[in-house]
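> One structure coming up, written as structure tokens, with questions to follow.
The values are calculated or read from the model by the stated rules, or taken from the named source; none is laboratory data. These figures come from a predicted structure and were not determined experimentally. With ideal geometry, Cβ positions are generated from the backbone for all residues, glycine too; neighbour counts draw on all protein chains shown.
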Amino acid sequence: MPDLIDKRDRADLFRINLARAMADRGASQSSLSRAVGADRSTISALLQPGTRLPNAQLAADCAAALGVSCDWLLGLSGRPEPVADLLAQAIQVTDAPRALFDSEIFRWHQEAAGYKIRHVPATLPDLLKTEAVVRWEYQAALGRSVDQAIAAFKEQLSFLAEARSDYEIAMPVHDLVSFAEGTGYWSGLPLVVRQAQLDQLIELTDRHYPSLRLYLFDARRVFSAPVTVFGPLRAVIYLGRNYIVFQDPARVQSISQHFDWLLREALFGARETFGYLKDLRRDMH
């Protein structure tokens, strides 16, 4: 909408938008006048063609009473929702239970079926883990339900395999080294389990290339928090107990550009990662 607009046109926009908001809310002139503390005749006058714009306080009070943006009432914005509501829709904080794909994560994957999904995992990518690694990593959190959780996880993996989404995964190379050596987070994970996991990574990155591409970056040069970009729909940052979910296109695009940067700075591109994994596996003993 043009920055400069005739006040009469602005007044017409206000009158039209006020009438629309009242209709949407089922508000009468009497109920709105009571809500804003003005005479009914004042509200009636605002709805008449040719009426001048109200003062800022009355416009703000009408917007608040009707649950719309004052900027929208005045024709300064194309969205009727108040700013707080727009922010709530654009950025959400949700629980992040200690589990495999919880129902919300799986829903995000379902909604993004067919789009490119870009992922920086917190450890190894869940999509590529062996059952033995899953059991070792999630046993304490899932307790007696670990068998049910793994069965559901396998069903979800089957769906994702059929969704025809391309997956780009970027992770720090030191996380793979730590895994191969069984140090840090992976301390206590038996060698045979780690060897089988590396074998699976090698097999999957080879068999599913180019729809699955794994990149390795040097975390001493570049850094990323765990994040997943579900096509153009949303970007999700993992905090530990919570996810921060961004759904407005500008922020999703910004986080996707961060992922582009990780790929540009990667030590090993998707083709090179296969060879690096084989070298890492050969040295495991």
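> Give the residue that is modelled with the lowest pLDDT, with candidates limited to residues of the range 246-285 that are outside any helix (DSSP H, G or I) and surrounded by 18 or more Cβ atoms within 10 Å (Cβ to Cβ).
So in the range 246-285, the residues outside any helix (DSSP H, G or I) come out as 246-248, 265-269, 283-285.
Next, only the ones that are surrounded by 18 or more Cβ atoms within 10 Å (Cβ to Cβ) stay: 246, 266, 268.
Numbers: 246: 90, 266: 97, 268: 97.
Only one residue fits best here, namely 246.
> Quickly run through the range 206-243 and pick out the residues that are more than 9 Å from the chain's Cα centre (by Cα) and among the charged types (D, E, K, R). Show your work before the answer.
Filtering the range 206-243 for residues more than 9 Å from the chain's Cα centre (by Cα) gives 206-226, 231-232, 238-242.
206, 207, 213, 218, 220, 221, 241, listed by residue number.
> Please report, ordered by residue number, the helices (runs of 4 or more DSSP H) entirely within the range 143-236 with at least 2 residues that are of a type in the set (A, V, I, L, M) and surrounded by fewer than 17 Cβ atoms within 10 Å (Cβ to Cβ). Even if it seems obvious, please write down each step before you answer.
Details: elements: 146-162, 173-181, 191-207.
Counting at least 2 such residues, we get 146-162, 191-207.
> Condition test on residue 193, is it over 18 Å from residue 276 (Cα atoms), in contact (Cβ under 8 Å) with a residue 12 or more places away in the chain and assigned by TED's automatic domain parsing to the domain that holds residue 118? Reasoning before the result, please.
Numbers: over 18 Å from residue 276 (Cα atoms): yes; in contact (Cβ under 8 Å) with a residue 12 or more places away in the chain: yes; assigned by TED's automatic domain parsing to the domain that holds residue 118: yes.
So residue 193 passes the test.
> If you check every pair at least six apart or on different chains, which have Cβ atoms under 7 Å apart with a residue in the range 178-190 that is over 17 Å from residue 277 (Cα atoms) first and a residue that is part of a loop (DSSP other than H, G, I, E, B) and not β-branched (Val, Ile, Thr) second?
Filtered contacts from the range 178-190: 189/182.
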